[in-house]
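The values are calculated or read from the model by the stated rules, or taken from the named source; none is laboratory data. Model, not experiment: these values are computed from the prediction. FYI the Cβ positions are ideal-geometry reconstructions off the backbone, even for glycines, and counts take in every protein chain you see.
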């Protein structure tokens with residue numbers, strides 16, 4: 001008797017804006033090739049978000065995209081944002097679509113791994129002795145803080161002067177759930193968490209630290225220390241190898257993970273995974289970069305490694321994730337690089353060709 005075929009896993013692609021469609025096109029090929037290589041049945045859908053959705057549907061996260069996302073096991077996002085928006089009201093900005101996507105999927109924890117392979121050590125802005133061996137993960141809370149807090153807005157004060165305001169808000173339960181995620185992740189790595197806050201001046205920082213300490217009591221096998229965000233920013237460029245898992249809130253995590261990205265030589269190298277109650281989202285850390293859109297020079301590696309994270313977390317296929325990561329390391333060690341990386345002695349290639357070099361490594365594995 002022949003066993004019935006497993007139902008295909010549905011994955012949704014959201015190319016978005018700027019260089020998003022170019023890097024997601026590479027991601028699509030990596031998905032297809034790797035799924036076939038590991039005999040994983042897959043359906044790939046597509047949706048519209050950001051400026052592209054505003055131009056087509058009049059809103060940055062349309063109902064059609066929401067429905068497509070809700071049917072999927074995982075989502076691969078390119079980038080959101082563009083130069084054409086100007087001073088549009090917040091609800092009609094492309095970035096509002098990204099925050100709405102996060103909210104709809106309940107994405108509360110953003111994981112941003114930063115690993116510096118040997119081939120990239122000479123390309124970092126820091127000395128090789130500082131960055132060599134760096135392997136850390138930033139765990140960023142994604143549904144609280146300044147980005148989601150209310151009230152927010154613009155107006156004028158009693159003197160008629162223009163003003164704007166945002167509110168940093170966290171509940172204990174929001175801090176607890178992302179802290180548990182960080183401690184669980186640390187158990188699979190080097191069992192060390194550094195929690196980052198600004199408890200010396202912010203009440204939110206005090207609550208953050210208190211809750212993290214309480215959660216830590218359930219993880220006695222993981223070490224915990226605290227750093228203020230300004231000190232952490234300094235330590236990342238002084239001695240990044242001291243970090244294993246960095247746990248922090250939304251705004252600090254956004255800034256620190258972009259700083260950490262430059263340890264690799266380019267923000268285009270870094271992937272991310274966002275874990276939530278209604279699915280998982282994968283995206284490169286870089287933005288939409290509208291100034292280079294359509295020029296075939298964007299770095300697709302962040303997107304490719306985001307696909308690897310998708311296989312690891314959403315599709316439960318760590319072997320496929322390792323296959324992709326090995327193919328990326330192989331292409332880099334062979335000297336291939338996109339224009340955002342230093343090209344001294346390296347083979348400069350465009351977005352599509354970099355994808356082909358990685359695909360070649362997957363096929364040969």
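Some observations on this one:
- Qualifying residue in the stretch 191-198 (condition: modelled with pLDDT under 95 and either in contact with a strand residue (DSSP E or B) (Cβ under 9 Å, 6 or more places away or on another chain) or under 30 Å from residue 238 (Cα atoms) (or both)): no
- Hits in the stretch 114-143 (condition: under 25 Å from residue 49 (Cα atoms) and modelled with pLDDT of 95 or more): 139, 140, 141
- Subset of the stretch 259-280 (residues that are touching a helix residue (DSSP H, G or I) at 6+ places or on another chain (Cβ under 6 Å) and outside any strand (DSSP E or B)): 259, 260, 261, 263, 264, 265, 267, 268, 269, 270, 278
- Boolean, residue 321 is out of contact with any strand residue (DSSP E or B) (no Cβ under 7 Å at 6 or more places or on another chain), in contact (Cβ under 8 Å) with a residue 60 or more places away in the chain and either farther than 28 Å from residue 196 by Cα or part of a helix (DSSP H, G or I) (or both): no
- Complete set of residues in the stretch 27-45 that are surrounded by fewer than 23 Cβ atoms within 10 Å (Cβ to Cβ) and within 19 Å of the chain's Cα centre (by Cα): 28
- Residues (outside any helix (DSSP H, G or I), in contact (Cβ under 8 Å) with a residue 12 or more places away in the chain and surrounded by fewer than 17 Cβ atoms within 10 Å (Cβ to Cβ)) located in the stretch 205-227: 218, 221, 223, 225
- Test: residue 278 is surrounded by 24 or more Cβ atoms within 10 Å (Cβ to Cβ) and either closer than 18 Å to residue 14 by Cβ or more than 19 Å from the chain's Cα centre (by Cα) (or both): no
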